[in-house]
Amino acid sequence: MAKASPQIRSISERDAALRQSRNLKMAGSAHAYVRGNTHKFYEWLAASDSSKVPQGPPIWICGDCHVGNLGPLADTDGQIDIEIRDLDQTVIGNPAHDLIRLGLSLATAARGSDLPGVTTAKMIEQMVEGYEEALADKDPDLRSRRPECVRVVMRQAVGRTWEHLAKERLEDTSPTIPLGKRFWPISEDERREIERIFATEDVRLLVTALRSRENDASVEVLDAAYWMKGCSSLGRLRFAVLLGVGKSRTKEGDLCLIDIKEAVQAAAPRHSEAAMPADHGMRVVEGARHLSPALGDRMLGATFLDRAIFMRELLRKPGRLTTCYGCGKENPRGLGLDFYKEDGNVVAEFTPAPDHGGYGQVVHGGVTATAIDEALGWAIFGLLDKLGVTTDLHIEFTAPVLCGKPVTVRGRIESHDERGAVATVEIHDAKGKLAASGRGTMRFVSPRAIERLGNFTW
């Protein structure tokens, strides 16, 4: 069935268009129906034999823990981790409900992909075993044991850029939100209310607290639109608000995109004696802080035209040069380094090609130096949200790097001030042996200066 996103020209068309879109999405597959109908899930659970549902301790649960609500999130420092991304239904309740919901989501997704029943059974077994292992592990940091599929998702998330954000969420990079299939007009009352909310001190402090902005920076609403997004939440208030932070609105200034979403009563059963915020927006934020700190720490609850809402900033990443010799995806002769964040470092796995050799299968020192220099740049991109150029670089070659043999490139920030940063990089082989290391100084530069230097636009 084709899924067309309706376009609307007036506020009066909005409710009917949202209902139509929600019904089309849920009719797409059994998995889509299960994912988009939280109330039906809990009705089914209530009608089943309650003695078969384990009673866990009353703790914060997601309440709507399906596959689509798990994924990569960036915290206020830009660190990426896999966490729960949607907590509309969060309550203090029975953790078994999250496991059943996730298991049902996995099973319907597997069935919709024509996977055999034994595969579904193994998926559910692995889900339960992983849950038990995490509870029993005395060391809560499981990052060193992340499966490869999780590492791939995290690398893709770190690679997302402001350009991607513009294409996916704004469709262009001008400081407006163009109306179309996903962004719709709002009423005058809604626009006034958005202006009121972003004039409050609490919201200004939330925006300036993210990505090391100046505490006293001004916040101005540049544009706003209704956001047609989601499935089960279609029909509730949802807005995208484009803000200008600070004095400049140019590329050297600061733009940010805020997601505003209406909070309603949770369908998930709450524990009878649980003490939770009565306001639904505050409940969502409190649950997020317990379950997904990377999300909860950049959320805020508020009231919008007498309705409870919560809001968060959609974090951006610095731009990527697609033809860059070090990291560009569109440079067939380049190294193709793909960095992701891990424990305060930027990391990339790299297997040198045969034509990277110097003496036979020994990788040319210039290629190794390029990998180190690239890691310096990504350290300030990924860890400080800055652009820069290398002004000084010292390298030690400890052991040969060989063509066809994988190595890991790891960079970190040693120190930084308002003008630049000093970063260090190490390259290790597959056995963990140090092959090369470097230390360099990077001077911060503005996006506009980079454009002038390289004769290109972001």
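The values are calculated or read from the model by the stated rules, or taken from the named source; none is laboratory data. Source: prediction; values computed, not measured. Cβ coordinates were reconstructed from backbone atoms using ideal geometry, including for glycine residues, and neighbour counts include every protein chain displayed.
Observations
- Matching residues, the stretch 412-428, being under 15 Å from residue 367 (Cα atoms) and in contact (Cβ under 8 Å) with a residue 24 or more places away in the chain: 425, 427
- Tally of residues being surrounded by 21 or more Cβ atoms within 10 Å (Cβ to Cβ) and more than 32 Å from the chain's Cα centre (by Cα) across the stretch 398-408: 1
- Restricting attention to the stretch 398-411, the residues that are outside any strand (DSSP E or B) and under 11 Å from residue 363 (Cα atoms) total 6.
- Residues within the stretch 356-383 that are without any contact (Cβ under 8 Å) to a residue 40 or more places away in the chain and either out of contact with any Pro (no Cβ under 8 Å at 6 or more places or on another chain) or in a loop (DSSP other than H, G, I, E, B) (or both), tallied: 6
- Wholly within the stretch 199-305, helices (runs of 4 or more DSSP H) carrying at least 1 residues that are in contact with a Phe, Trp or Tyr (Cβ under 9 Å, 6 or more places away or on another chain) and either surrounded by 17 or more Cβ atoms within 10 Å (Cβ to Cβ) or modelled with pLDDT under 85 (or both): 201-209, 280-291
- Matching residues, the stretch 54-70, being surrounded by 15 or more Cβ atoms within 10 Å (Cβ to Cβ) and part of a loop (DSSP other than H, G, I, E, B): 58, 62, 63, 64, 65, 66
- Residues of the stretch 306-332 that are assigned to a loop (DSSP other than H, G, I, E, B) and at pLDDT 80 or above: 306, 324, 325, 326, 327.
- Residue that is surrounded by the most Cβ atoms within 10 Å (Cβ to Cβ) [pool: residues in the stretch 377-397 that are under 20 Å from residue 367 (Cβ atoms) and among the aromatic types (Phe, Trp, Tyr)]: 378
- Within the option set 17, 121, being part of a helix (DSSP H, G or I), at pLDDT 90 or above, assigned by TED's automatic domain parsing to the domain that holds residue 208 and surrounded by fewer than 19 Cβ atoms within 10 Å (Cβ to Cβ) holds for one residue only, 121.
- Residue-level check: of (1) modelled with pLDDT of 80 or more; (2) farther than 17 Å from residue 235 by Cα, residue 50 misses just (1).
- Residue within the stretch 124-143 that is at pLDDT below 65, closer than 25 Å to residue 61 by Cα and assigned to a helix (DSSP H, G or I) present: yes
- Matching residues, the stretch 85-118, being small (Gly, Ala, Ser) and in a helix (DSSP H, G or I): 96, 103, 105, 107, 109, 110, 112, 117
- Filtered by the rule that a residue be among the β-branched types (Val, Ile, Thr) and out of contact with any His (no Cβ under 9 Å at 6 or more places or on another chain), the stretch 385-432 gives 389, 390, 391, 395, 398, 413, 424, 425, 427.
- Residue in the stretch 90-101 that is modelled with pLDDT under 90 and either in contact with a Leu (Cβ under 6 Å, 6 or more places away or on another chain) or charged (D, E, K, R) (or both) present: no
- Between 448, 412, 452, the distinction of being at pLDDT 90 or above and either surrounded by fewer than 19 Cβ atoms within 10 Å (Cβ to Cβ) or at negative phi (or both) belongs to 412 only.
- Per-region count, the stretch 351-361, residues under 13 Å from residue 407 (Cβ atoms) and surrounded by fewer than 22 Cβ atoms within 10 Å (Cβ to Cβ): 2
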